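Engineer: So that we are looking at the same thing, I have put the structure below in structure tokens.
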Amino acid sequence: MAKENTNNYSENSIQILEGLEAVRKRPGMYIGSTDYRGLHHLIYELVDNGVDECVAGFGDKIIVTIHKDGSVSVEDFGRGIPVGKHKSGIPTVQVVYTVLHAGGKFDGSSYKTSVGLHGVGASVVTALSDYLEVYVAKDGKLYYQRYEDGGKKISKFKCLGDSNKPSGTKVTFKPSAQIFQTVEFNRNIILERLQEEAFLLKKVTMTLIDERIDKVESFKYDDGLKDFVLFMNEGHETLNNPFYFSDESNGVGVEVCLQYTSDSYDDKLISFVNNAKTIDGGTHETGFRSGFTRSLNEYGRKYNLIKDKDKIDASDYREGLTAIVSVKIPENLLQFENQTKTKLGTPIVKSIVEQALINKFSYYLEENKEFALTLINKAKKASNVREAARKAREEARSGKKTKQEKLLSGKLTPALSKKAKDLELFIVEGDSAGGSAKKGRDRNYQAILPLRGKPLNTLKCSLDEVLKNEEMNTLTYAIGASIGNSFEIDDINYHKVVIMTDADTDGCHIQTLLLTFFFRFMRPLIEKGHVYIACPPLYKVYKNSGKKEKSIYCFDDKDLAEAKKIIGENYQIQRYKGLGEMSAEQLWETTMDPKTRSLIQVNIDDLYLAEKRVDILMGNDSSIRRDWIDENVKFTLEDEFMKERGKK
């Protein structure tokens with residue numbers, strides 16, 4: 001390998017990226033990524049500015065419009081950006097949209113609390129757009145300015161004349177295809193964000209206009225967090241009406257709403273700081289959990305409902321709980337534990353939320369004694385199931401031959417190595433595919449567990465019901481880290497758990513059922529990045545040339561088109577309808593060999609959205625599921641292989 005020339009490193013090598021040029025050079029530092037998430041983040045930055053106005057008491061609606069040409073407008077009805085000249089000598093509007101770290105959210109005089117305190121939001125959108133136009137309505141007049149090519153070209157700031165609306169700001173931008181992997185906005189992603197904002201902003205209307213399909217949708221909720229909890233528990237049986245309270249202490253506002261479901265066994269806690277979702281939690285969530293547990297413990301002991309022999313854990317109380325915690329924190333107290341601002345670190349908030357919950361929830365329990373008794377009895381039952389799972393795990397560790405181990409011995413083909421960090425478990429659809437996988441695998445580190453039939457839909461199953469199911473019990477024992485609240489991520493037997501199913505609708509259904517099980521009862525397995533989906537090929541394009549076969553495996557129709565060009569005339573196509581149709585060598589080469597395979601790692605970006613997706617896809621309401629699939633899944637009308645056969 002040739003040595004890289006580093007002798008020309010001098011003072012001339014040091015570059016200063018002026019203004020918005022730094023954003024275009026390193027967009028991930030400002031919006032996280034340049035995929036669909038970063039693309040939609042541009043809208044959120046502008047929506048957040050409107051949200052700040054609504055929180056401050058100015059304006060009661062925000063309108064987002066997706067235009068046919070791929071541009072987006074965000075309009076609020078707040079005070080409007082100041083239109084005078086800034087002390088720097090340029091128009092204030094131009095400062096806001098072209099200068100980093102410029103804004104009215106730093107000194108606390110314009111906004112008591114704010115969604116965005118970085119001061120980079122609006123200018124980052126300018127930097128990453130082909131163009132951005134801003135209209136400001138203020139004092140009966142309408143003002144305008146346009147920025148192009150990431151803010152390099154700036155038109156003159158001007159007054160267009162009288163305005164039809166009293167005040168507000170409207171921004172239209174078109175994201176740069178040079179920056180983003182895709183510039184096509186997803187309506188449903190935007191809708192979900194606007195609906196979430198509407199839940200948090202009581203009585204504020206959030207509207208999405210999609211001109212591409214000529215559709216207008218609006219959200220407005222008079223009861224805020226109560227409506228949010230009811231929406232989350234839609235389709236579930238509930239034990240109580242939503243319990244809601246708000247409080248304030250030391251300038252920190254607290255809103256909490258919670259409700260229990262009787263047909264769900266995990267807990268859902270979603271938290272917000274100044275209307276921004278804190279997906280990694282923080283001190284407000286810690287305070288909630290502490291105050292919640294303490295309230296129930298004190299109530300149970302006060303009325304002699306909890307004995308010394310009862311080993312109730314905090315997680316037992318939260319089984320079936322849906323809760324939302326929203327705090328408003330002034331800028332001088334706001335601290336985050338990570339760069340992405342998704343985990344609150346303000347210490348005082350823990351005690352504020354904890355004490356508020358103890359005061360309010362304890363009173364609620366006193367006023368609703370039957371409900372309180374139901375909760376404590378529910379927690380006792382959860383504790384007993386958890387203890388049973390713990391004893392089973394300890395029994396397995398003891399080395400004694402257990403019932404589960406005897407069951408597993410007839411199904412699992414183990415790897416030779418015992419080092420979990422090197423091991424992979426392939427969960428395979430059917431005995432036929434299992435046979436090929438056993439023959440084709442690397443027996444040193446790859447284990448095979450065939451599934452017989454479709455797994456149990458565990459969405460609304462209790463832990464007892466799951467453990468009684470033979471296939472789920474076998475899978476639990478193979479992974480080796482227990483289940484539910486007793487799951488211990490450090491005890492897993494395999495570093496990778498790979499779902500390997502046929503590339504058809506049945507295979508997709510099995511994937512979804514297994515992912516539902518892991519999400520419900522082994523969530524840390526997903527959160528820590530141990531769950532994968534194998535990607536077997538759909539086709540093999542080949543041509544026999546003498547004794548040698550020239551072949552290419554294809555994983556989608558785009559690959560197929562390319563392969564046909566490469567192989568040339570007289571090619572043949574083999575369509576793989578199932579893993580069992582592959583030889584052991586083919587399965588190894590395409591799907592199991594770490595050097596050549598492709599695996600999809602499963603992760604959770606947003607727990608709340610993941611919960612809703614699982615409910616939609618695995619719940620009982622087929623009409624909701626059908627509507628969601630129609631909106632979000634693109635189906636090809638005809639199999640490319642069948643097209644080829646039709647031509648021949």
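Engineer: Where in the chain are the helices, taken as whole DSSP H runs, whose Cα atoms extend 30 angstrom or more along the long axis and whose Kyte-Doolittle mean reaches at least -0.5? Please list the in-between numbers first.
Structural biologist: Working: long enough: 347-367 (31 Å, 0.14); 369-397 (42 Å, -0.98).
In the chain, the long hydrophobic H runs are 347-367.
Engineer: I would also like to ask the following. Any idea what the relative contact order of the range 514-563 is, in percent, if you count C-alpha pairs under 8 Å spaced at least 6 apart? Before the final figure, lay out each step's value.
Structural biologist: Working: 41 pairs, mean separation 12.7, N = 50.
Value for the range 514-563: 25 percent.
Engineer: What order do you get for 411-424, 47-60 when each peptide is scored by the mean count of other beta carbon atoms within 10 Å, highest first?
Structural biologist: On the way: 411-424: 15.4, 47-60: 21.1.
In decreasing order of mean packing, 411-424, 47-60 become 47-60, 411-424.
Engineer: Moving to a separate point now. Students often forget the sequence filter, so: which lysines lie under 22 Å Cα-Cα from K564 once same-chain residues fewer than 8 apart are removed?
Structural biologist: K540, K543, K547, K548, K550, K577, K643, K647, K648
Engineer: Let me ask you something else. Hey, which of these cross-link pairs are over 22 Å Cα-Cα: K328/K350; K307/K468; K309/K380; K141/K170?
Structural biologist: Working: K328/K350 13 Å; K307/K468 29 Å; K309/K380 11 Å; K141/K170 14 Å.
Over 22 Å Cα-Cα: K307/K468.
Engineer: Further question on the same structure: Beta carbons within 10 angstrom, averaged per residue: use that to sort the peptides 64-73, 584-593, highest first.
Structural biologist: Details: 64-73: 16.9, 584-593: 19.4.
Highest to lowest by the protection proxy: 584-593, 64-73.
Engineer: Restricting the calculation to Cα positions, tell me the Rg (one decimal) and the Dmax (whole number) of the range 423-503 in Å.
Structural biologist: For the range 423-503, the Cα radius of gyration and maximum Cα-Cα distance read 13.3, 38 Å.
Engineer: If I model the chain as equal point scatterers sitting on the Cα atoms and use the Debye formula, what is log10 I(q)/I(0) at q = 0.05, 0.07, 0.08, 0.09 Å⁻¹?
Structural biologist: One equal scatterer on each Cα of the chain leads to -0.30, -0.59, -0.76, -0.94.
Engineer: At a 1.4 Å probe, what is the % contribution of carbon and sulfur to the accessible area of the chain?
Structural biologist: Details: 15310 of 32110 Å².
Carbon and sulfur atoms account for 48 percent of the accessible area of the chain.
Engineer: Also, quick follow-up: May I ask you to derive the relative contact order of the chain, considering only C-alpha pairs under 8 Å and at least 6 residues apart, and to give it as an integer percent?
Structural biologist: Details: 1145 pairs, mean separation 55.3, N = 648.
Normalised by residue count, the contact order of the chain is 9 percent.
Engineer: Among the listed pairs K302/K378; K203/K226; K138/K277; K25/K152; K68/K165, which are separated by more than 23 Å between their Cα atoms? Each step should come with its number before you reach the end.
Structural biologist: Details: K302/K378 18 Å; K203/K226 13 Å; K138/K277 31 Å; K25/K152 14 Å; K68/K165 25 Å.
Correct reply: K138/K277; K68/K165.
Engineer: I would also like to ask the following. Under a 1.4 Å probe, what is the accessible area of the chain per residue, stated in Å²? Can you show the working numbers first?
Structural biologist: Numbers: 32110 Å² over 648 residues.
For the chain, the solvent-accessible area averages 50 Å² per residue.
Engineer: Among all the lysines, which ones have a C-alpha under 26 Å from K421's C-alpha, if same-chain residues fewer than 8 places away are not counted?
Structural biologist: K391, K400, K401, K406, K411, K438, K439, K496, K528, K595
The values are calculated or read from the model by the stated rules, or taken from the named source; none is laboratory data. All values reported here derive from a predicted model rather than from experimental measurement. As a convention, Cβ positions derive from the backbone with ideal geometry for all residues, glycine included, and neighbour counts pool all protein chains shown. With ligands, DNA and RNA removed, areas are computed over all heavy atoms of the protein, side chains included. Shrake-Rupley method; radii C 1.70, N 1.55, O 1.52, S 1.80 Å.
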